[in-house]
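Since the structure comes first, as structure tokens, the remarks are kept for the end.
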Ligand code: UDP
């Protein structure tokens with residue numbers, strides 16, 4: 001299939017591109033390289049450096065390349081930043097996504113896999129969280145993703161655009177030469193690994209008074225390779241037309257507190273990794289753990305690297321090989 005991956009130069013997007021190319025799909029990447037890395041786009045994929053806000057260019061690319069399906073990854077994705085700049089998140093995650101959906105309708109592209117998030121649930125009443133749990137985001141990032149998910153429901157009904165939203169829990173780890181390189185880095189696992197890499201002295205624990213066993217937030221970490229495979233399965237299911245439009249959670253079903261993640265990194269790296277207690281970060285729910293039963297059942301998705309130590313070890317291996325990340 002000819003597949004467009006928006007944001008395909010980003011951390012998760014680049015691993016998805018690699019997975020698609022391995023399956024002999026032809027891949028076009030659209031990325032404005034605002035956060036993505038040119039070097040992360042495999043030589044086999046074509047990269048167009050275009051902003052999704054440039055609707056005319058996006059529509060032209062869909063038509064000229066003969067795109068048959070889209071995986072939409074391009075977005076801003078930081079909870080903390082979203083609570084300081086709501087406008088940026090609604091513009092990039094809602095308005096630009098809408099422009100993309102309209103370009104798809106205009107060019108007759110009717111299959112979309114959308115990168116969504118566990119943040120659509122907000123503070124869950126029960127964990128693990130199933131897809132039919134209440135959707136009440138506690139931050140702008142989650143709200144912006146939910147807004148587009150809701151639009152997609154109507155685009156299916158009104159415009160015949162089938163879509164699968166994948167609600168990621170916490171992506172981590174690396175696949176081959178593709179790993180996590182954000183600037184600035186805000187995610188827990190790469191920040192923790194900066195200590196044994198000699199790039200910071202200690203890690204801050206944002207909030208130690210949450211209603212969890214050790215007082216720190218609990219998250220469900222999923223290996224980026226397992227996440228990428230789910231996109232390939234979702235794309236195949238849309239192509240076969242054998243699942244209705246909808247949403248799937250993607251996590252391992254096991255939660256680890258921030259302290260437990262640091263402990264895993266201590267085991268994996270053999271470094272003491274000092275932790276300093278710090279105030280809460282606005283918008284953080286206390287615990288997010290997925291039930292991924294639906295995607296296991298419907299798409300036969302099976303995580304290959306479910307353990308936290310293996311996930312952290314995979315990230316550690318990449319950061320040791322590429323201590324300065326990507327060249328650009
Ligand atoms: N966190 C932390 N110190 C850091 C970075 C993150 O304590 O330097 C916490 C953060 O507040 C949250 C958890 O780690 O409770 C996971 O945050 P991350 O940004 O990695 O992912 P998110 O769950 O926000 O998508």
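The values are calculated or read from the model by the stated rules, or taken from the named source; none is laboratory data. Here the structure is a predicted model, which means the values were calculated and not measured. We place every Cβ from the backbone using ideal geometry, glycine too, and count neighbours over all the protein chains shown.
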Hey, does the stretch 223-238 have a residue that's at pLDDT 95 or above and within 14 Å of the ligand (Cβ to nearest atom)? yes
Can you name every one of the helices (runs of 4 or more DSSP H) wholly within the stretch 246-328 that holds 2 or more residues which are crowded, with 20+ Cβ neighbours inside 10 Å, within 16 Å of the ligand (Cβ to nearest atom) and under 21 Å from the mean Cα position of the chain (by Cα)? 258-269, 308-321
Residues that are surrounded by fewer than 19 Cβ atoms within 10 Å (Cβ to Cβ) and within 16 Å of the ligand (Cβ to nearest atom): find the helices (runs of 4 or more DSSP H) completely inside the stretch 1-113 holding 1 or more of those. 79-82
Looking at the stretch 80-108, I want the residues that are modelled with pLDDT of 95 or more and have a partner that is surrounded by fewer than 16 Cβ atoms within 10 Å (Cβ to Cβ) and part of a helix (DSSP H, G or I) with Cβ atoms under 6 Å, at least 6 apart or on another chain. Which pairs are those? 105/159; 107/63
Picking from 205, 193, the residue that is at pLDDT 95 or above and within 20 Å of residue 83 (Cα to Cα) would be 205
Across the stretch 165-185, what is the number of residues that are under 18 Å from residue 322 (Cα atoms), within 14 Å of the chain's Cα centre (by Cα), assigned to a loop (DSSP other than H, G, I, E, B) and within 11 Å of the ligand (Cβ to nearest atom)? 2
How many residues are touching a strand residue (DSSP E or B) at 6+ places or on another chain (Cβ under 7 Å) and either within 14 Å of the ligand (Cβ to nearest atom) or on the phi > 0 side of the Ramachandran plot (or both) if we restrict to the stretch 142-164? 2
Output for the stretch 136-165, where each listed residue is surrounded by fewer than 16 Cβ atoms within 10 Å (Cβ to Cβ) and touching a helix residue (DSSP H, G or I) at 6+ places or on another chain (Cβ under 6 Å): 159
Considering each residue of the stretch 186-206, count those that are touching a helix residue (DSSP H, G or I) at 6+ places or on another chain (Cβ under 7 Å) and either closer than 16 Å to residue 308 by Cα or more than 8 Å from the ligand (Cβ to nearest atom) (or both), and give that number. 8
